[in-house]
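Peer 1: Below is one structure. I have some questions about it.
The values are calculated or read from the model by the stated rules, or taken from the named source; none is laboratory data. What you are looking at is a predicted structure, and each value in this text was computed from that prediction instead of being measured. Positions of Cβ are generated from backbone atoms using ideal geometry, with glycine treated the same way; all protein chains shown enter the neighbour counts. Protein only, heavy atoms only, side chains kept; ligands, DNA and RNA dropped before computing areas. Shrake-Rupley method; radii C 1.70, N 1.55, O 1.52, S 1.80 Å.
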Amino acid sequence: MLRALLWDVDGTLAETERDGHLVAFNQAFRAMDVPWRWDERRYGQLLSVAGGRERLLHDMDAQPLAPETADDRHALAESLHRLKNERYARIVAAGGIRLREGVRSLMNDCQRERLPMGIVTTTSRANLQALMAAQPEADWASRFAVIVCGEDAPLKKPDPQAYIKALQALSLAPDEVLAIEDSPAGVASAHAAGVPVVVTRSHYFPAPPPAGVVAHGPSLGRGDGWQPQPGKPRTARIDLEQLASWHGDAYPKRSDRSPTTRSIP
Ligand code: XBP
Ligand code: MG
């Protein structure tokens, strides 16, 4: 039985990578006179590394003009990351990032049905707070029973740490929850914790997801293009009833087995 919905942030709640983080990284490079920039293609490659600071350090391995010593690289990555997050907050506060279609409606479904929700992200807490503060609802943060950010789970996705922490906080077994993710690293993280996943493909992750996901499609705001097909033909969006049905199909019986030892079908 579905007892909680766990939301990824970047790429799932909103196209924050394309419209926020990438723009803010380049603003930080410029402001600190760093002699390189990231274009869309390069950033897409770098998204295989979770964590903005980790991404900066990884990229410096390929930048001929990066500082020579490890200490200097770490110091530069730290400063750039701090400035990037400040710039990101400004972009979000200025209304530069909208929630993806279908996200708010599905959250409203959960509230109406009293299904707890959680946030499980590798992004920094400040970035999540900026995104929440930009929502019209005054109490956005209080909608979530648990929030796990990058600072809470230093072993970032694809490591399962963030999902394991969320499950512990909710006192739920992995197959009692459903994660909504967009990236292969996010799917791997959830699966490694035993958590089933629904994938909404995003700007940077448009390809079909790895095997074993409960369902995948282009957007929660559309009923077409999903695998498996929604139960209600021509449904306008993916609602909570549909998610619960997919979850129930993938996990029909719960009582006669140990959820922690079950592998993802
Ligand atoms: C996405 C990430 C983050 C963001 C940038 O996390 O990997 O690193 O790109 O945020 P998710 P930070 O999809 O799990 O939300 O700079 O704060 O790391
Ligand atoms: Mg994501």
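Peer 1: Applying the selection to the stretch 219-265, what residues are of a type in the set (Ser, Thr, Tyr) and modelled with pLDDT of 85 or more? Give the derivation first.
Peer 2: Step one: of the stretch 219-265, the residues of a type in the set (Ser, Thr, Tyr) are 219, 235, 245, 251, 255, 258, 260-261, 263.
Passing the criteria: Ser219, Thr235, Ser245.
Peer 1: Among the candidates Met60, Met1, single out the residue that is at pLDDT below 95 and more than 20 Å from Tyr204 (Cβ to Cβ). Before the answer, list the steps.
Peer 2: Working: Met60 fails: at pLDDT below 95.
The match here is Met1.
Peer 1: For the stretch 74-85, how many residues meet the condition of being open to solvent by 50 Å² or more (accessible area, probe 1.4 Å) and touching a residue at least 12 places away in the same chain (Cβ under 8 Å)? Steps first, please.
Peer 2: To start, the set of residues in the stretch 74-85 that are open to solvent by 50 Å² or more (accessible area, probe 1.4 Å) comprises 74-75, 78, 82.
Right, trim to touching a residue at least 12 places away in the same chain (Cβ under 8 Å) and you get 74, 78.
Summing the residues that are open to solvent by 50 Å² or more (accessible area, probe 1.4 Å) and touching a residue at least 12 places away in the same chain (Cβ under 8 Å) in the stretch 74-85 gives 2.
Peer 1: For the stretch 142-184, name all the residues that are among the small types (Gly, Ala, Ser) and either in contact with an Asp or Glu (Cβ under 8 Å, 6 or more places away or on another chain) or open to solvent by 50 Å² or more (accessible area, probe 1.4 Å) (or both). Give the steps one after another, and end with the answer.
Peer 2: We begin by selecting, within the stretch 142-184, every residue among the small types (Gly, Ala, Ser); these are 142, 145, 150, 153, 162, 166, 169, 171, 173, 179, 183.
Ser142, Ala145, Ala153, Ala162, Ala169, Ser171, Ala179, Ser183 - these are the residues of the stretch 142-184 that are among the small types (Gly, Ala, Ser) and either in contact with an Asp or Glu (Cβ under 8 Å, 6 or more places away or on another chain) or open to solvent by 50 Å² or more (accessible area, probe 1.4 Å) (or both).
Peer 1: Further question: Filter the stretch 181-215 for residues that are in a helix (DSSP H, G or I) and touching a helix residue (DSSP H, G or I) at 6+ places or on another chain (Cβ under 7 Å); which is farthest from ligand 1 (Cβ to nearest atom)? Show your work before the answer.
Peer 2: Just the residues of the stretch 181-215 that are in a helix (DSSP H, G or I), to begin with: 184-192.
Checking which are touching a helix residue (DSSP H, G or I) at 6+ places or on another chain (Cβ under 7 Å) leaves us with 189-190.
Working: Ser189: 8, Ala190: 10 Å.
Ranking the qualifying residues of the stretch 181-215, first place goes to Ala190.
Peer 1: Restricting to the stretch 105-136, name every residue that is of a type in the set (D, E, K, R) and within 19 Å of Leu2 (Cα to Cα). Quick ask: steps written out before the conclusion?
Peer 2: Taking the stretch 105-136 as the starting set, the residues that turn out to be of a type in the set (D, E, K, R) are 109, 112-114, 125.
Correct list: Asp109, Arg112, Glu113, Arg114.
Peer 1: Look at the stretch 149-175 and say how many of its residues are out of contact with any helix residue (DSSP H, G or I) (no Cβ under 7 Å at 6 or more places or on another chain), farther than 16 Å from Gly52 by Cβ and either of a type outside the set (Lys, Arg) or in a loop (DSSP other than H, G, I, E, B) (or both).
Peer 2: Within the stretch 149-175, residues that are out of contact with any helix residue (DSSP H, G or I) (no Cβ under 7 Å at 6 or more places or on another chain), farther than 16 Å from Gly52 by Cβ and either of a type outside the set (Lys, Arg) or in a loop (DSSP other than H, G, I, E, B) (or both) number 8.
Peer 1: Taking Arg37 and the conditions (1) near ligand 1 (Cβ under 10 Å from one of its atoms); (2) touching a helix residue (DSSP H, G or I) at 6+ places or on another chain (Cβ under 8 Å); (3) of a type outside the set (Phe, Trp, Tyr), which numbered condition does it fall short on, given that it satisfies the others?
Peer 2: Only one criterion is unmet by Arg37, namely (1).
Peer 1: Taking the criterion of being away from ligand 2 (no atom under 15 Å from the Cβ), over 15 Å from the mean Cα position of the chain (by Cα) and under 27 Å from Arg42 (Cα atoms), would at least one residue in the stretch 189-196 satisfy it?
Peer 2: The answer is no, given that none of the residues of the stretch 189-196 is away from ligand 2 (no atom under 15 Å from the Cβ), over 15 Å from the mean Cα position of the chain (by Cα) and under 27 Å from Arg42 (Cα atoms).
Peer 1: Taking the stretch 94-125 as the region of interest, how many residues are within 16 Å of ligand 1 (Cβ to nearest atom), out of contact with any Ser or Thr (no Cβ under 9 Å at 6 or more places or on another chain) and either open to solvent by 60 Å² or more (accessible area, probe 1.4 Å) or part of a strand (DSSP E or B) (or both)?
Peer 2: Here the count works out to 5.
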